[in-house]
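The block underneath contains the structure these notes are about, expressed in structure tokens.
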Amino acid sequence: MPSSRTVFAAAHVVADPNADNAQGAPAVVDWDATLAFRHRLWSLGLGIADAMDTAQRGMGLDWAATKELIQRSGAEARSVGGLICCGVGTDQLPGAPTSPYSLAEIGDAYEGQLEVVEQAGAQPVLMCSRALAATARGAEDYAEVYARILGQAERPVILHWLGDMFDPALRGYWGGADLDAATESVLAIINEHSAKIDGIKVSLLDADREVALRRRLPEGVRLYTGDDFNFPELIAGDEQGFSHALLGIFDPLATQAAQAMRLLDAGDVAGFRGVLDPLVPLARHIFAAPTQFYKTGVVFLAYLSGYQDHFKMIGGQESGRDRAHLTKLYAMAVEGGIFPDVDLAAARFKEYSGE
């Protein structure tokens, strides 16, 4: 494991290619391939952030499959001593966010998922709730719900601030659309409950805002960057501090991330940046608007790299990006040297493109 930073790669799930897995259908996961990919990440020395948006939470992966994923991944992590955190949300609520729910019902849903994650032996990540975003009238409602869940947590949790570019249903999270006011709201929660908070993952794709928040966190509370646009500079940090990492881009760039972290652990910041900086354009392409479809690029690269034997996704999300986007992604990946077997990648891309 890296010694200078805590690093989680948010891992995708592999769909069962023989199942329906159409939009709205119950998710059917290829568990062998999904867990094998997680073992690869652990073997590289990375931690795993599971059951997060990279695993298609809210975009095909229903709660039944999510619960099984948490339980299975937790057991596998214990078997190898792997670092793992898992998302805690409210997505078992039927019809959310269009169906109205009370703060008490939202709190019950969070607590139910918290119990599953803790029983699996994983560190909880309190994900943003679409239901809470739809129900909350202001910052005080967020404070009430988070105080309840943090009070129940058995170990320090990671908060999660997922911007609406990742999920439009989360617009106005923490109590308003103004990000300065939202920052004050979440800082108030962190300051009041700092003993129960390990850190906060920030996915706003705004490096300056992340650094400003990082500098205001109380002692002992970490900033986990979720900024897939600016991650090298944020992890490297400055004279006033640095960010740890909880990144979806470290799924396709796991080998490069592990290499870069070894250099950073040795104090070679320039070497760290030299590995990752050239891959930022590729990351920005994967996470280009509409950002919520970045998972399609992640799975496409896993297929081309040989980590799964098909390009199918839960909820039919393989159609989330067009051919032009994926063709450019393939070319950038070749240029970036990320494929372990360039001949296999070329053959699979040729089959995909029909050339």
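The values are calculated or read from the model by the stated rules, or taken from the named source; none is laboratory data. Just so it is clear, the structure is predicted and the values come from calculations on it, not from any experiment. Don't worry about glycine lacking a Cβ; one is built from the backbone with ideal geometry, like all the others, and counts go over all protein chains shown.
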Take the residues of segment 94-142 that are of a type in the set (S, T, N, Q) and in a loop (DSSP other than H, G, I, E, B): which is nearest to ALA51 (Cα to Cα)?
SER129
Specify the residue that is farthest from LYS312 (Cα to Cα); the eligible residues are those in segment 32-43 that are surrounded by 15 or more Cβ atoms within 10 Å (Cβ to Cβ) and of a type in the set (A, V, I, L, M, F, W, C).
TRP42
Restricting to segment 221-243, count the residues that are surrounded by fewer than 24 Cβ atoms within 10 Å (Cβ to Cβ), assigned to a loop (DSSP other than H, G, I, E, B) and either touching a helix residue (DSSP H, G or I) at 6+ places or on another chain (Cβ under 7 Å) or basic (Lys, Arg) (or both).
5
Among the residues of segment 265-278, is there at least one that is surrounded by 21 or more Cβ atoms within 10 Å (Cβ to Cβ) and touching a residue at least 40 places away in the same chain (Cβ under 8 Å)?
yes
Would segment 12-26 turn up any residue that is crowded, with 17+ Cβ neighbours inside 10 Å, modelled with pLDDT of 95 or more and within 22 Å of PRO124 (Cα to Cα)?
yes
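Residue-by-condition table, conditions (1) part of a helix (DSSP H, G or I); (2) in contact with a Gly (Cβ under 7 Å, 6 or more places away or on another chain); (3) modelled with pLDDT under 95; (4) under 14 Å from LEU279 (Cβ atoms):
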| position | (1), (2), (3), (4) |
| --- | --- |
| ALA302 | yes, no, no, no |
| TYR307 | no, no, no, no |
| GLY316 | yes, no, no, no |
| ILE338 | no, no, no, yes |
I'd like to verify a number: residues in segment 74-87 that are crowded, with 24+ Cβ neighbours inside 10 Å and touching a Gly at 6+ places or on another chain (Cβ under 9 Å), how many?
3
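Does ALA133 satisfy being within 24 Å of THR225 (Cβ to Cβ) and touching a strand residue (DSSP E or B) at 6+ places or on another chain (Cβ under 7 Å)? Before you say what the answer is, go through the steps one by one.
Details: within 24 Å of THR225 (Cβ to Cβ): yes; touching a strand residue (DSSP E or B) at 6+ places or on another chain (Cβ under 7 Å): no.
Criteria not met by ALA133.
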Just the residues that are closer than 18 Å to LEU150 by Cα, among the β-branched types (Val, Ile, Thr) and assigned to a helix (DSSP H, G or I), please, taken from segment 187-220.
ILE189, ILE190
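Name the single residue that is farthest from the chain's Cα centre (by Cα) among those in segment 244-269 being aliphatic (A, V, I, L, M) and not in a helix (DSSP H, G or I). Steps first, answer last, please.
Of segment 244-269, the ones aliphatic (A, V, I, L, M) are 245-247, 249, 253-254, 257-258, 260-261, 263-264, 266, 269.
Add one more test, that the residue is not in a helix (DSSP H, G or I), and what stays is 245-247, 253, 266.
Working: ALA245: 10, LEU246: 6, LEU247: 5, LEU253: 14, ALA266: 27 Å.
Going through the qualifying residues, I end up with ALA266.
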How about segment 50-93: which of its residues are in a loop (DSSP other than H, G, I, E, B) and either under 21 Å from LEU162 (Cα atoms) or modelled with pLDDT under 95 (or both)?
ALA51, MET52, GLN56, GLY58, MET59, GLY60, ASP62, GLY89, THR90, ASP91, GLN92, LEU93
Quick test of your reading of the structure: PRO2 fulfils all but one of (1) buried (at least 17 other Cβ atoms within 10 Å of the Cβ); (2) under 21 Å from PHE166 (Cα atoms). Name the failing condition by number.
(2)
Unmet criterion (only one of (1) farther than 26 Å from PRO17 by Cβ; (2) aliphatic (A, V, I, L, M); (3) modelled with pLDDT of 95 or more) for ALA96:
(3)
Please work out if ALA289 is out of contact with any His (no Cβ under 8 Å at 6 or more places or on another chain) and part of a loop (DSSP other than H, G, I, E, B).
yes
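Can you name the residue in segment 280-294 that is touching a Gly at 6+ places or on another chain (Cβ under 7 Å) and not hydroxyl-bearing (Ser, Thr, Tyr) and is also surrounded by the most Cβ atoms within 10 Å (Cβ to Cβ) among such residues? Explain how you work it out, then say what you get.
Going through segment 280-294, the residues touching a Gly at 6+ places or on another chain (Cβ under 7 Å) turn out to be 282, 286, 293-294.
Filter once more, keeping what is not hydroxyl-bearing (Ser, Thr, Tyr): 282, 286, 293.
Working: LEU282: 22, ILE286: 27, PHE293: 18.
Here the residue is ILE286.
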Cβ-Cβ under 6 Å pairs, at least 6 apart or on other chains, segment 304-328 side on the phi > 0 side of the Ramachandran plot, far side of a type outside the set (A, V, I, L, M) and crowded, with 19+ Cβ neighbours inside 10 Å
GLY315/GLY60
Can you find a residue in segment 117-128 that is free of Cβ contacts under 8 Å to residues at least 40 places away in the same chain, surrounded by 24 or more Cβ atoms within 10 Å (Cβ to Cβ) and within 25 Å of ILE190 (Cα to Cα)?
yes
Restricting to segment 153-164, and then to whatever is surrounded by fewer than 19 Cβ atoms within 10 Å (Cβ to Cβ) and in contact (Cβ under 8 Å) with a residue 12 or more places away in the chain, can you tell me which residue is nearest to ALA245 (Cα to Cα)?
PRO156
